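Everything on this sheet refers to the single structure shown next.
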Amino acid sequence: MRVDRSGFVVIIMLAALSGGCGAAAPDPRAATLPAPPSPPPKALAGKVVVIDPGHNGGNAANRSEIDRQVDIITQRKACNAVGFETAAGYQENAFAWSVAQHLKPLLEEMGAEVVLTRPDDKGVGPCVTERAAIGNDARADAVVSIHGDSGEPSGHGFHVVVPGLIPGHNDEVVKPSRRLGLAIRDAYWAGTGLPYANYRGKDGLRSRTDLGGLNLSKRPAVFIECGNMRNAGDAAKMSDATFRKRIAGALANGIKSFLEGAG
Ligand SMILES: [Zn+2]
């Protein structure tokens, strides 16, 4: 007989109802009671998601370190960048870190294993080469880099950056990355109410081959430019903690949609 906590309770109750006590033999009916239903498997159980919050709080004070040139296949480029900020001085690295902090537990609640590319918002880097390696080493099912953009102040909205094809290097991941990008675009649009960027990309998507984090990824990967930090309306939303939670919820929905579709 399977003896578990709930079975034990049932046996005691039956004994009490029948007026039995002490060492009464277990009621045989207890053995035929169905086992309690096990909880349904979590939607993202077994999935690994790498969240890459753009830039880092210590980058600005360590320019020589992050300006070091690294090979990103299509060019040599700075190892990392300082990032942008709003007119009021809210920094992109802080924005990305905050969204990542809200996003991580949402994905974990859905059963995913979540890996961040940096442990806090006070460090330097890591280089884009290292960020890509973290996703590759984790064999991530999805990699999402979180950024804020810096366009003309009149431009607003968000766009998702997907890897362009670099023959012989990323052939395997261009298509799944595009699917990830579409899922995130749709969920972000629906969840945040922000429009597709009207100053960059098309239909909320943009393909690039000049980003090391994408070029070097062997796993499905996208960047999202969550809004234009130089636009007053976008900046106000991105600077608002409640709105950042909304952004995280939208990203979680997009990642879930992609991973469920990917089976
Ligand atoms: Zn950025």
Summed over the other residues with a beta carbon less than 11 angstrom from that of Arg200, with K and R at +1 and D and E at -1, the charge totals 0
Compactness summary of region 37-121: radius of gyration and Dmax from Cα atoms, Å, are 16.9, 58
Descending accessible area (1.4 Å probe), largest on the left, turns Met238, Met110 into Met110, Met238
In degrees, nearest 10, the alpha-carbon axis of helix 171-192 is tilted away from the dominant principal axis of the alpha carbons of the chain by 80
The local net charge around Glu85, scoring Lys/Arg +1 and Asp/Glu -1 for residues other than Glu85 whose Cβ lies under 12 Å from its Cβ, equals -1
Nearest 10, in degrees from 0 to 90: the angle of helix 92-109 to the longest Cα principal axis of the chain is 20
Per principal axis, largest first, the Cα atoms of region 204-263 extend in Å by 35, 29, 17
Rounded to the nearest 10 Å², the 1.4 Å probe accessible area of His147 is 20
Here the percent of antiparallel bridges among DSSP beta bridges lying wholly in the chain, to the nearest 5, is 30
Per DSSP loop assignment and a cutoff of at most 10 other beta carbons within 10 Å, the chain keeps its longest run without exposed trypsin sites (Lys or Arg not before Pro) at 3-138
At the level of C-alpha centres, the distance separating region 143-208 and region 83-125, in angstrom, is 18
Total charge of the residues flanking Ala43 in space, meaning their Cβ is under 15 Å from its Cβ, with Lys and Arg +1 and Asp and Glu -1, is -2
Helix 128-137 sits off the longest principal axis of the Cα atoms of the chain, rounded to the nearest 10 on a 0 to 90 degree scale, by 30
Taking Cα pairs closer than 8 Å and at least 6 residues apart, the relative contact order of the chain in percent is 24
Between Glu108 and Asp240, Cβ-based FRET efficiency (R0 30 Å, step 0.05) works out to 0.80
Carbon plus sulfur, as percent of the 1.4 Å-probe accessible area of the chain, comes to 55
Per residue, accessible area of the chain with a 1.4 Å probe, heavy atoms of protein chains only, in Å², comes to 49
For the chain, the Cα-Cα pair-distance distribution in 10 Å bins from 0, as whole percents, is 7, 28, 30, 13, 6, 8, 6, 3, 0
For the pair Ile73 and Ala87, the simple spin-label estimate (label points 7 Å beyond Cα toward Cβ) gives in nm 4.0
Using eta = 1.002 mPa s and T = 20 °C, Stokes-Einstein with Kirkwood Rh from Cα pairs puts D for region 143-197, in µm² s⁻¹, at 169
On each of the three principal axes the extent of the alpha-carbon atoms of region 131-263, given in whole Å and largest first, is 41, 28, 24
With x for Gly and Pro, the residue-by-residue ³J(HN,Hα) of region 209-216, computed from phi through the Karplus equation 6.51 cos²θ - 1.76 cosθ + 1.60 at θ = phi - 60° and given in whole Hz, is 10, 10, 10, x, x, 8, 4, 8
Residue by residue through region 196-206, the couplings from Karplus 6.51 cos²θ - 1.76 cosθ + 1.60 with θ = phi - 60°, in Hz, x for Gly and Pro, are 4, 4, 9, 10, 7, x, 9, 6, x, 10, 8
With every protein chain in place, the accessible area of Thr74 for a 1.4 Å probe, in Å² rounded to the nearest 10, comes to 60
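The values are calculated or read from the model by the stated rules, or taken from the named source; none is laboratory data. Model, not experiment: these values are computed from the prediction. Neighbour counts are summed over all protein chains in view; Cβ atoms, including those assigned to glycine, are modelled from backbone coordinates with ideal geometry. These area figures cover heavy atoms from the full protein model, side chains too; ligands, DNA and RNA do not enter into them. Shrake-Rupley method; radii C 1.70, N 1.55, O 1.52, S 1.80 Å.
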